[in-house]
Every structure is written in structure tokens, then in C-alpha cells.
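Asker: Dumping the structure here so I can ask a few things about it.
The values are calculated or read from the model by the stated rules, or taken from the named source; none is laboratory data. These numbers were taken from a predicted model, which means no experiment stands behind them. Please note: Cβ atoms are built from the backbone with ideal geometry, for glycine as well, and neighbour counts cover all protein chains shown. We work out accessible area using only protein heavy atoms, side chains counted, and drop any ligands, DNA or RNA first. Shrake-Rupley method; radii C 1.70, N 1.55, O 1.52, S 1.80 Å.
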Protein chains: 2
Amino acid sequence: MKNLALTLCYNGSSYHGWQIQQNALTVQEVLLGAVAKVTGEAADIIGCSRTDAGVHALEYVCNFKSKTSIPEEKIPIALNTALPKDIRINRCNIVPDHFHARFSAVSKTYIYKVYTAKIENPFLTDLVYHFPYELNIEHMKKAAEFFIGTYDFSAFMSTGSSQKSTIRTILNLSVSQSGDIVEFSITANSYLYNMVRIIAGTLLYTGIGKIHYNDIPKIIQSGDRRQSGITAGAGGLYLAKVDYGGLL
Amino acid sequence: MKNLALTLCYNGSSYHGWQIQQNALTVQEVLLGAVAKVTGEAADIIGCSRTDAGVHALEYVCNFKSKTSIPEEKIPIALNTALPKDIRINRCNIVPDHFHARFSAVSKTYIYKVYTAKIENPFLTDLVYHFPYELNIEHMKKAAEFFIGTYDFSAFMSTGSSQKSTIRTILNLSVSQSGDIVEFSITANSYLYNMVRIIAGTLLYTGIGKIHYNDIPKIIQSGDRRQSGITAGAGGLYLAKVDYGGLL
């Protein structure tokens with residue numbers, strides 16, 4: 001049995017996230033079908049993360065054990081032939097037996113894309129969050145710095161989710177602007193439910209002056225979801241990179 | 001009667017081009033419906049150009065006469081509410097009575113986008129032409145220069161089309177590269193059928209060495225469609241700008 005890790009990207013617009021579920025199409029289900037077609041095996045595919053409906057991935061990692069005799073360098077082409085165009089396998093690597101796409105991850109980086117022009121862009125439908133307001137980028141950058149560190153991020157977690165611990169470490173959070181696109185990049189060891197989208201919404205509120213950047217530490221400390229910003233839409237969110245500390 | 005000019009953009013992936021036709025959805029038909037809904041008028045909408053099925057527009061111009069009392073600055077918002085997300089009206093201007101979106105155009109600029117990475121990009125499906133080969137950009141730039149000028153471009157016209165004259169003036173043709181994207185930008189007074197896509201295909205053939213850049217003048221002179229390159233796919237083509245010499 002080889003342990004195979006796939007690095008893939010997907011446009012999540014048509015999917016209810018990664019994780020297989022009844023009555024809704026997911027990336028995992030479609031990939032399972034392609035793996036079955038190519039290898040003849042009913043694989044147990046482990047994903048690096050659940051992603052929500054409509055969320056995208058620039059670099060998603062999953063792994064599965066397989067007896068296939070297909071050389072790993074040929075697996076991406078074989079799978080891509082069996083997959084719809086909105087999912088593409090970019091690499092396949094043989095990884096150590098103990099590699100686990102979810103538990104071996106050291107950190108994950110998400111990118112969040114905001115489109116700020118007044119009128120929507122027909123080429124970016126479902127690929128950005130449309131927030132047509134003037135943003136104070138300097139204030140957002142100052143707000144972003146306050147998030148970096150190890151804190152209880154309860155104020156940035158959707159209610160209804162249960163977690164053993166709500167403490168997370170944000171290693172990096174940056175804000176950049178290019179034309180009408182504003183991008184956040186966030187790296188953390190792991191995430192609470194909807195954490196990136198609520199942080200994005202909070203940064204946007206800072207950008208329009210609805211939240212003052214100096215109040216971010218207070219909001220974090222409060223642990224109160226009502227004090228942070230909106231949960232920004234799923235379409236702006238991209239899983240961009242999973243770091244396995246050299247294992248992959 | 002006011003003469004109203006709309007500046008719009010559209011993602012052409014779901015449309016059989018601009019011009020209304022039976023049994024196939026077009027941008028003009030959808031726009032006619034929206035104008036009827038907003039103004040109550042069955043407008044005679046004149047487009048700046050037919051575009052082929054799957055071709056996109058970053059800046060398309062059309063005009064129509066109307067008695068509407070809606071102020072022109074409010075028309076884009078009203079129409080956008082009635083339109084699907086892949087068509088967006090960016091501006092509405094009152095133009096002189098004699099303004100005609102097609103005949104008043106002095107020149108048009110098209111952009112052609114090529115994606116050169118080995119594996120397709122799920123975020124660019126139908127938005128680029130996938131040509132996964134290494135391209136010699138310098139050779140393509142040299143080839144592009146030979147196209148600039150006034151020539152008989154019969155060798156770059158799809159057969160079956162009839163034109164009074166096949167002489168056109170190319171004012172500019174440039175080649176640029178950014179990561180895996182190669183872009184051509186072409187400005188001409190007007191175009192023969194499929195001219196941009198055949199020039200794009202010819203530049204790509206130059207890039208892979210199938211055509212030598214020094215042979216471009218000979219190919220133009222030949223007037224022989226068989227000597228030029230492939231008709232590159234519709235998805236890479238964008239109408240980018242229509243110049244009305246100050247009329248709009």
C-alpha cells in the first residue's frame with residue numbers, strides 16, 4: 001500500500017464544500033468517483049480541511065492509501081481526465097505512511113478576496129466578495145496586526161459550533177490592494193468555524209470606520225461574537241497553502 | 001427621443017455572441033428584455049460589433065433611441081437589477097442623434113488571453129485559451145510587428161465569409177506575458193471574420209516555432225488562409241475598448 005498525497009485546486013462555486021454529505025454535491029464525492037474510475041479502488045480520502053459551500057482552493061491537499069500500479073507522476077493526468085474542469089489535480093506524491101492530510105498540517109494559509117468597485121464584475125461572480133465601499137487600507141493594516149498571536153478567538157467563531165479549545169495562533173495576517181481588489185492573507189495553525197470570514201468582515205468594518213482598529217484587542221478579549229464584524233461571503237475565500245513542515 | 005449609449009461588460013461563456021438569433025441565447029436578446037422591463041419600450045438596440053459565441057467583452061458599446069424619463073445616470077442600476085450577473089451595465093450616456101454604436105466607431109481593441117501552464121486552471125475555464133506549450137515571446141513580438149499597417153488580411157479571415165474589401169488597418173499589436181498568462185492586444189479600424197483569433201493562432205505558432213516570424217509578411221501577401229495558424233478558441237477573446245474619437 002502506497003500513501004498518496006494529491007495537491008489539487010478547485011473552483012468551489014458548484015460544490016457544497018469538500019466533505020461528502022447526503023443530498024449535496026461535494027468535492028470529496030466527485031474525487032472519490034474519479035479515484036474509483038482510475039484505480040478501481042474505493043479509497044478512503046482524507047482531506048486537509050472541510051471547506052464551506054462555495055469556498056475555493058488554490059492548493060488543497062488530501063491523501064489516501066492505494067495499491068494502484070499507476071506511477072504517481074501519471075496519476076494527475078489520469079484523474080484530470082475523469083474530473084470536471086472545476087477540479088484539477090496538480091501533483092501526486094508518495095508520502096510516508098504516517099502522513100495524514102489533516103493531522104500532519106502545521107499551518108494553513110487562506111486568502112480572502114474583496115471586490116470594491118461599485119458595479120459587480122461579471123468575470124468574478126462567486127469568486128470575490130462584493131463590498132462596494134471605499135476602504136481605509138491603512139486602518140485595516142493596523143487592525144490586522146492586532147490579530148497576530150495566540151488568543152482565544154471565540155469572538156470570531158460562528159455560534160453553534162463546538163470546539164474543545166477556542167485558542168488559536170495566527171502567524172500572519174496581511175492586507176493588500178491592487179486596483180479594485182483588496183486581499184487578506186492569513187496563516188494560522190488551525191481555525192475556528194467561519195473564523196477567516198468573520199475576521200475578513202471585521203477588517204472590512206474597520207475599513208469603513210464602523211469598527212476602530214484600536215478596538216480589535218478589546219473585541220478579541222470580549223469573546224463576544226456580536227462585537228466582531230459580519231461573516232463575509234464564502235465566494236471570497238480561498239484555501240491557498242497547507243504547510244506540512246517538509247513532509248510534503 | 002434621447003439617443004442613449006450603454007457601456008457594458010459581459011462574460012460571454014453562456015451566450016451565442018451579441019447578435020439576436022433564433023434558438024440560441026444572445027446578449028442582445030437578454031438586454032432587449034431588460035430595457036423593455038425598465039423603460040417599457042421595445043428598443044432598437046444597435047451593437048458596436050457582433051461577437052462570436054463564447055467571446056467576452058470588457059467594454060462593449062450599444063445605443064438605442066428612447067423616450068424614457070429615467071435620468072441616464074440611474075439607468076445602469078435599473079438595468080443591472082433586471083440583468084443576469086454575467087452582464088453588467090457600467091455607464092449610460094446621452095449621445096448626439098447621429099451616434100451609431102457600429103458606424104461611429106473609429107477603432108476597436110481586442111485582448112486575447114492564453115493560458116500556458118500544463119494543467120488547466122479551474123478559475124479560468126472558458127476565460128482563456130489553453131495552449132500548454134513553451135512560447136518564445138521575443139519571436140512572437142517580432143511577428144506581431146509585421147502585422148501593423150494597412151494590408152489585405154485575407155489570409156486571416158475564416159473562409160465562407162464575404163466582405164466587400166479585405167483590406168484592414170492594424171494600428172497596434174502587442175504581446176505581453178505575466179506568469180502563465182500570455183496576452184495579445186490588437187487595435188484595428190475594423191476586422192475580418194475571425195481575424196483576431198487567426199492572428200492569435202498564428203502568433204502562437206510563431207511562439208512554438210511552427211511559423212518563423214520573418215515569414216509573416218509572406219503569409220499576409222499570400223492571402224492564403226492555409227498558410228496562417230489555427231483559429232484560436234473563442235474563450236480567450238475579449239472586446240476591450242471601442243474608440244469613438246471623442247463622440248462618447
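Asker: With respect to the numbered conditions (1) away from every other protein chain (no Cβ under 14 Å); (2) within 21 Å of B:VAL242 (Cα to Cα), which one is the sole condition not fulfilled by B:LEU6?
Answerer: Checking B:LEU6 against (1) away from every other protein chain (no Cβ under 14 Å); (2) within 21 Å of B:VAL242 (Cα to Cα), the one that fails is (1).
Asker: A further question follows. Restricting attention to the range A:126-147, and to residues there that are assigned to a loop (DSSP other than H, G, I, E, B) and either modelled with pLDDT under 95 or over 18 Å from the mean Cα position of the chain (by Cα) (or both), which single residue is farthest from the other protein chains (Cβ to nearest Cβ)? Before you say what the answer is, go through the steps one by one.
Answerer: Let us first name the residues in the range A:126-147 that are assigned to a loop (DSSP other than H, G, I, E, B), namely A:126-128, A:131-136.
Keeping just the survivors that are either modelled with pLDDT under 95 or over 18 Å from the mean Cα position of the chain (by Cα) (or both) gives A:131-136.
Values: A:PHE131: 16, A:PRO132: 12, A:TYR133: 16, A:GLU134: 18, A:LEU135: 21, A:ASN136: 25 Å.
So, considering only residues that are assigned to a loop (DSSP other than H, G, I, E, B) and either modelled with pLDDT under 95 or over 18 Å from the mean Cα position of the chain (by Cα) (or both), the one farthest from the other protein chains (Cβ to nearest Cβ) is A:ASN136.
Asker: With respect to the numbered conditions (1) surrounded by 15 or more Cβ atoms within 10 Å (Cβ to Cβ); (2) closer than 14 Å to A:ALA34 by Cα; (3) not acidic (Asp, Glu), which one is the sole condition not fulfilled by A:THR81?
Answerer: Against the list (1) surrounded by 15 or more Cβ atoms within 10 Å (Cβ to Cβ); (2) closer than 14 Å to A:ALA34 by Cα; (3) not acidic (Asp, Glu), A:THR81 comes up short only on (1).
Asker: With the checklist (1) among the aliphatic types (A, V, I, L, M); (2) open to solvent by 20 Å² or more (accessible area, probe 1.4 Å); (3) within 14 Å of chain A (Cβ to nearest Cβ) in hand, flag the one item B:ILE70 doesn't pass.
Answerer: (3)
Asker: Select from the range B:52-67 the residues that are away from every other protein chain (no Cβ under 14 Å), open to solvent by less than 10 Å² (accessible area, probe 1.4 Å) and either under 22 Å from B:ILE111 (Cβ atoms) or in contact with a helix residue (DSSP H, G or I) (Cβ under 9 Å, 6 or more places away or on another chain) (or both) and list them in ascending order. Break it down stepwise before answering.
Answerer: So in the range B:52-67, the residues away from every other protein chain (no Cβ under 14 Å) come out as B:52-53, B:61-67.
Filter once more, keeping what is open to solvent by less than 10 Å² (accessible area, probe 1.4 Å): B:61-64, B:66.
Within the range B:52-67, B:VAL61, B:CYS62, B:PHE64, B:SER66 meet the criteria.
Asker: Right, A:LEU127: surrounded by 15 or more Cβ atoms within 10 Å (Cβ to Cβ), in contact with a helix residue (DSSP H, G or I) (Cβ under 9 Å, 6 or more places away or on another chain) and more than 23 Å from A:ILE181 (Cβ to Cβ) or not?
Answerer: Numbers: surrounded by 15 or more Cβ atoms within 10 Å (Cβ to Cβ): yes; in contact with a helix residue (DSSP H, G or I) (Cβ under 9 Å, 6 or more places away or on another chain): yes; more than 23 Å from A:ILE181 (Cβ to Cβ): no.
No.
Asker: Moving to a separate point now. Identify all residues within the range A:173-223 that are farther than 17 Å from A:LYS142 by Cα, of a type outside the set (S, T, N, Q) and open to solvent by 50 Å² or more (accessible area, probe 1.4 Å); write none if there are none.
Answerer: A:GLY179, A:ASP180, A:TYR193, listed by residue number.
Asker: For the subset of the range B:109-124 comprising residues that are away from every other protein chain (no Cβ under 14 Å) and among the β-branched types (Val, Ile, Thr), which member is least open to solvent (accessible area, probe 1.4 Å)?
Answerer: From the range B:109-124, those away from every other protein chain (no Cβ under 14 Å) are B:109-110, B:112, B:114, B:116; that's our starting set.
Subset that is among the β-branched types (Val, Ile, Thr): B:109, B:114, B:116.
Values: B:THR109: 25, B:VAL114: 0, B:THR116: 25 Å².
Among those residues, the one meeting the criterion is B:VAL114.
Asker: I'd like to verify a number: residues in the range B:84-108 that are open to solvent by 20 Å² or more (accessible area, probe 1.4 Å) and more than 14 Å from chain A (Cβ to nearest Cβ), how many?
Answerer: We begin by selecting, within the range B:84-108, every residue open to solvent by 20 Å² or more (accessible area, probe 1.4 Å); these are B:84-86, B:90-91, B:93-94, B:96-98, B:100, B:102-106, B:108.
When the remaining residues are screened for being more than 14 Å from chain A (Cβ to nearest Cβ), the result is B:93-94, B:96-98, B:100, B:102-106, B:108.
So the count comes out to 12.
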